[in-house]
1. Restricting to region 20-40, name every residue that is surrounded by fewer than 14 Cβ atoms within 10 Å (Cβ to Cβ), in a helix (DSSP H, G or I) and not aliphatic (A, V, I, L, M).
2. What number goes with the only condition from (1) in a loop (DSSP other than H, G, I, E, B); (2) over 16 Å from the mean Cα position of the chain (by Cα) that K54 does not pass?
3. Take the residues in region 23-40 that are without any contact (Cβ under 8 Å) to a residue 12 or more places away in the chain and over 9 Å from the mean Cα position of the chain (by Cα), then tell me which one is nearest to A11 (Cα to Cα).
4. Tell me, yes or no, whether region 3-10 has at least one residue that is part of a loop (DSSP other than H, G, I, E, B), exposed (fewer than 14 other Cβ atoms within 10 Å of the Cβ), modelled with pLDDT of 90 or more and of a type in the set (S, T, Y).
Amino acid sequence: MVHFYRNVWTAVPTGKVKEVAPMLKAIHAQDDTQAATEKANLIVEKLRAMKLAKAAEIVAAGVKETLSCYALRRKLPFDQNQQPAGEANAGDPPTNASG
């Protein structure tokens, strides 16, 4: 995903990055591959309308690879944002068993 963003940024002028960034994030915010592909297609058209044809080409060419993360999500035994039982984040305060 990071490489996908970086590749798109090479074709986006500095002044347009703040406008394009949420568009790219919206692709990966979709619930499934089909919705993400549809969102990517809309964004390609929007980038072309913004006269960012090279960025649109990069999105169109790289979207299939960047969406491979959706296949991984289906294979995970638990939600990737949820930690397995008994594990704590390094920044979590220690639990006090005595209450």
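The values are calculated or read from the model by the stated rules, or taken from the named source; none is laboratory data. Everything quoted here is computed from the prediction, not taken from an experiment. Methodologically, a virtual Cβ is constructed for each residue, glycine included, from the backbone with ideal geometry; neighbour enumeration extends over all protein chains shown.
1. P22, K25, Q34, E38
2. Of the numbered conditions (1) in a loop (DSSP other than H, G, I, E, B); (2) over 16 Å from the mean Cα position of the chain (by Cα), the odd one out for K54 is (1).
3. Restricting to residues being without any contact (Cβ under 8 Å) to a residue 12 or more places away in the chain and over 9 Å from the mean Cα position of the chain (by Cα), the top hit is E38.
4. Checked against the condition, which is being part of a loop (DSSP other than H, G, I, E, B), exposed (fewer than 14 other Cβ atoms within 10 Å of the Cβ), modelled with pLDDT of 90 or more and of a type in the set (S, T, Y), region 3-10 yields at least one hit.
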